[in-house]
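**Q** Just passing along the structure, written as structure tokens.
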Amino acid sequence: MILDHLAVASETLEAAQAHVEEVLGVAMAPGGKHAHFGTHNRLLGLAEGLYLEAIAIDRAAPKPDYPRWFDLDRFTGPPRLANWICRVDDLDAALAGLPEGAGEPVTLERGDLRWRMAVPDDGILPMQGAFPAVLEWEVPNPPGERLDPSGCRLLRLEVIHPEAARLAQLLPLTDSRVVFEGGDVALRAVFDTPHGERVLT
């Protein structure tokens, strides 16, 4: 399991994009639409093959008759860093070793991108959403390798949860940038940017 990207959610894509750009001081790039879930995004290339996604419900798209991913149907309040996403080579094998509720594989596409992601039936990831979404890319060059560099690099991702130690034990993830801390559920990302160190929440 490898850290793939981070997602900032909001009630509108414009608000999510503005939050990222204000905090990090760099412009996001165009993304696209996710027809299956009726959402759309903007992207920001980070160092070391990572990227940052701003995502929201696309009000111009038909509403699906099933819950959207990332619990976006219930999202309220200001934009925030809401999810972290990890990739694996074999999604089915990975899910066999993860706790119940991590999701069922859904085949997705955006433009020429193809991937499978584990999405819970209710759209809500385990452990109050602190659990990572898990995907398997089905293209040789995922977005993290395609996006132009922004000059930003992730220094640390803090995954905060009352059962932080248990969450860490559940994940076959070895990444010194990801740290698990006790506390109320939240995500906090520290970046090195062209304007110095910035913190995205």
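**Q** Of everything in the range 101-123 that's among the hydrophobic types (A, V, I, L, M, F, W, C) and surrounded by fewer than 19 Cβ atoms within 10 Å (Cβ to Cβ), which residue is farthest from L167 (Cα to Cα)?
**A** Ranking the qualifying residues of the range 101-123, first place goes to L113.
**Q** Of the conditions (1) closer than 17 Å to I2 by Cα; (2) surrounded by fewer than 18 Cβ atoms within 10 Å (Cβ to Cβ), L98 clears all except one; give me its number.
**A** Going through the list (1) closer than 17 Å to I2 by Cα; (2) surrounded by fewer than 18 Cβ atoms within 10 Å (Cβ to Cβ), L98 breaks only (2).
**Q** Within the range 155-166, does at least one residue satisfy the condition of being over 16 Å from the mean Cα position of the chain (by Cα), within 22 Å of G31 (Cβ to Cβ), surrounded by 14 or more Cβ atoms within 10 Å (Cβ to Cβ) and not aromatic (F, W, Y)?
**A** Checked the range 155-166: no residue is over 16 Å from the mean Cα position of the chain (by Cα), within 22 Å of G31 (Cβ to Cβ), surrounded by 14 or more Cβ atoms within 10 Å (Cβ to Cβ) and not aromatic (F, W, Y).
**Q** I've got another one for you. Given the conditions (1) more than 20 Å from H40 (Cβ to Cβ); (2) hydrophobic (A, V, I, L, M, F, W, C); (3) more than 14 Å from the chain's Cα centre (by Cα); (4) not in a strand (DSSP E or B), which single one is not true for F131?
**A** Going through (1) more than 20 Å from H40 (Cβ to Cβ); (2) hydrophobic (A, V, I, L, M, F, W, C); (3) more than 14 Å from the chain's Cα centre (by Cα); (4) not in a strand (DSSP E or B) one by one, F131 breaks only (3).
**Q** Starting from the range 177-195, keep only residues that are on the phi < 0 side of the Ramachandran plot, then list their pairs with residues that are of a type outside the set (D, E) and part of a loop (DSSP other than H, G, I, E, B) whose Cβ atoms are within a distance under 6 Å, requiring at least 6 positions of separation or different chains.
**A** V185/A130; V185/H161; R188/T201; F191/C152; T193/G25; T193/C152; P194/G151; H195/G25
**Q** Could I ask something else about it? Which of the residues that make up the range 155-174 are of a type in the set (V, I, T) and touching a strand residue (DSSP E or B) at 6+ places or on another chain (Cβ under 6 Å)?
**A** Once the filter is applied, which keeps residues that are of a type in the set (V, I, T) and touching a strand residue (DSSP E or B) at 6+ places or on another chain (Cβ under 6 Å), the range 155-174 yields V159, I160.
**Q** If you check R74 against the conditions, is it at pLDDT 95 or above and surrounded by fewer than 13 Cβ atoms within 10 Å (Cβ to Cβ)?
**A** It is true that R74 is at pLDDT 95 or above and surrounded by fewer than 13 Cβ atoms within 10 Å (Cβ to Cβ).
The values are calculated or read from the model by the stated rules, or taken from the named source; none is laboratory data. What you are looking at is a predicted structure, and each value in this text was computed from that prediction instead of being measured. Positions of Cβ are generated from backbone atoms using ideal geometry, with glycine treated the same way; all protein chains shown enter the neighbour counts.
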